[in-house]
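Visitor: Sharing a structure here in structure tokens format.
The values are calculated or read from the model by the stated rules, or taken from the named source; none is laboratory data. All of these numbers come straight from a predicted model, not from anything done at the bench. Cβ placement follows ideal geometry from the backbone for every residue including glycine, while neighbour counts extend to all protein chains displayed. These area figures cover heavy atoms from the full protein model, side chains too; ligands, DNA and RNA do not enter into them. Shrake-Rupley method; radii C 1.70, N 1.55, O 1.52, S 1.80 Å.
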Amino acid sequence: MDTDALIDALARDTAPVPRHAAPLRLGLSLAAAMAATLVVIAALLGFRPDLDLAMAGTMFWMKLAYTGSLALVGITALLTLIRPEARPPRWLWLLTIPVALLGLVSANELADMPHDDRMAMLLGESWQVCSPLIAVFAVPIAGALVLIVRRFAPTRLRATGAVIGLAAGAASATVYSLHCPEAAASFVLTWYSLGIAASTALGWALGPKLLRW
């Protein structure tokens with residue numbers, strides 16, 4: 001059998017892959033993992049008691065916009081990196097936009113505070129647990145994404161692992177914000193970002209082991 005005949009034989013019973021299979025699978029996996037994480041947070045930590053009042057304020061939505069935009073960039077970059085030989089997209093610099101915008105809000109917020117109150121605003125009441133909890137709740141979300149990504153053919157395993165960690169960490173922070181009572185931009189910029197960064201670093205470290213095919 002020549003090469004062309006062999007290729008035809010192997011491809012004869014192969015069903016076509018739907019055009020939007022990758023974004024659909026990743027999107028559904030992320031949504032399901034976030035929903036499951038939401039249930040766990042509700043059961044273990046509970047939602048903030050003033051959630052209805054918080055949702056009427058600007059900072060609650062600013063917090064969601066910050067974490068949600070980072071998750072969106074991460075999952076979009078993942079759609080590129082699951083292809084063989086794909087390079088990390090150049091537009092990843094867009095991550096700096098929400099960070100810079102929240103940094104401006106934070107700087108303005110701290111400037112308006114008396115000097116003696118700035119540290120209290122930065123630390124809030126939960127700085128010791130915020131970042132670790134975000135990183136921990138990111139693990140099952142990242143696991144769900146890894147299971148989907150392994151069905152494709154990524155070759156940049158560290159970069160792919162890092163954006164999985166980024167998307168999972170930001171998604172975890174988004175869900176965690178429903179529990180977290182902190183409202184200061186400086187708190188979110190510092191401790192939420194550290195939790196997301198920890199998840200990203202863990203994904204970068206474990207990517208070659210978890211995504212090898």
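Visitor: For the stretch 98-113, how many residues meet the condition of being over 15 Å from A170 (Cα atoms) and either of a type in the set (D, E, K, R) or open to solvent by 50 Å² or more (accessible area, probe 1.4 Å) (or both)? If you could, list the steps in order and put the result at the bottom.
Guide: At the first step, the residues of the stretch 98-113 found to be over 15 Å from A170 (Cα atoms) are 100-101, 103-113.
Add one more test, that the residue is either of a type in the set (D, E, K, R) or open to solvent by 50 Å² or more (accessible area, probe 1.4 Å) (or both), and what stays is 100-101, 104-105, 107-109, 111-113.
Total meeting the criteria: 10.
Visitor: May I pose another question? Are there any pairs, at least 6 apart or on different chains, whose C-beta atoms fall under 6 Å, with the first in the stretch 49-70 and closer than 15 Å to P181 by Cα and touching a residue at least 12 places away in the same chain (Cβ under 8 Å) and the second open to solvent by less than 30 Å² (accessible area, probe 1.4 Å) and among the aromatic types (F, W, Y), and if so, which?
Guide: That search, which allows pairs on different chains as well, returns A54/F60.
Visitor: Kindly check whether there is at least one residue in the stretch 57-69 that is modelled with pLDDT of 90 or more, under 15 Å from Y192 (Cβ atoms), open to solvent by less than 20 Å² (accessible area, probe 1.4 Å) and of a type in the set (G, A, S).
Guide: No, because not a single residue in the stretch 57-69 is modelled with pLDDT of 90 or more, under 15 Å from Y192 (Cβ atoms), open to solvent by less than 20 Å² (accessible area, probe 1.4 Å) and of a type in the set (G, A, S).
Visitor: Of the residues that sit in the stretch 12-51 and are among the charged types (D, E, K, R) and modelled with pLDDT of 90 or more, which one is nearest to S126 (Cα to Cα)? Even if it seems obvious, please write down each step before you answer.
Guide: Step one: of the stretch 12-51, the residues among the charged types (D, E, K, R) are 12-13, 19, 25, 48, 50.
Narrowing further to those that are modelled with pLDDT of 90 or more: 48, 50.
On the way: R48: 13, D50: 16 Å.
Ranking the candidates gives R48 first.
Visitor: Something else about it: Within the stretch 42-84, which residues are of a type in the set (A, V, I, L, M), assigned to a helix (DSSP H, G or I) and over 27 Å from V163 (Cα atoms)? Walk me through it before giving the result.
Guide: First pass over the stretch 42-84, keeping only residues of a type in the set (A, V, I, L, M): 42-45, 51, 53-56, 59, 62, 64-65, 70-73, 75, 77-79, 81-82.
From what is left, the residues that are assigned to a helix (DSSP H, G or I) are 42-44, 51, 53-54, 59, 62, 64-65, 70-73, 75, 77-79, 81.
Residues satisfying the conditions are A43, L44, L51, L53, A54.
Visitor: Go through the stretch 196-212 and count every residue that is of a type outside the set (A, V, I, L, M, F, W, C), within 16 Å of the chain's Cα centre (by Cα) and open to solvent by 30 Å² or more (accessible area, probe 1.4 Å). Show your work before the answer.
Guide: Quick first cut of the stretch 196-212, residues of a type outside the set (A, V, I, L, M, F, W, C) only: 199-200, 203, 207-209, 212.
Those left that are additionally within 16 Å of the chain's Cα centre (by Cα): 199-200, 203, 207.
When the remaining residues are screened for being open to solvent by 30 Å² or more (accessible area, probe 1.4 Å), the result is 200.
So the count comes out to 1.
Visitor: If you don't mind, another one. Of these, V136, V149, V129, which one is among the hydrophobic types (A, V, I, L, M, F, W, C) and open to solvent by less than 30 Å² (accessible area, probe 1.4 Å)?
Guide: None of the others qualify; the one that does is V149.
Visitor: Can A9 be described as modelled with pLDDT under 95 and open to solvent by less than 100 Å² (accessible area, probe 1.4 Å)? Please lay out each step first, then the result.
Guide: Values: modelled with pLDDT under 95: yes; open to solvent by less than 100 Å² (accessible area, probe 1.4 Å): yes.
Here the answer is yes, as A9 does meet what is asked.
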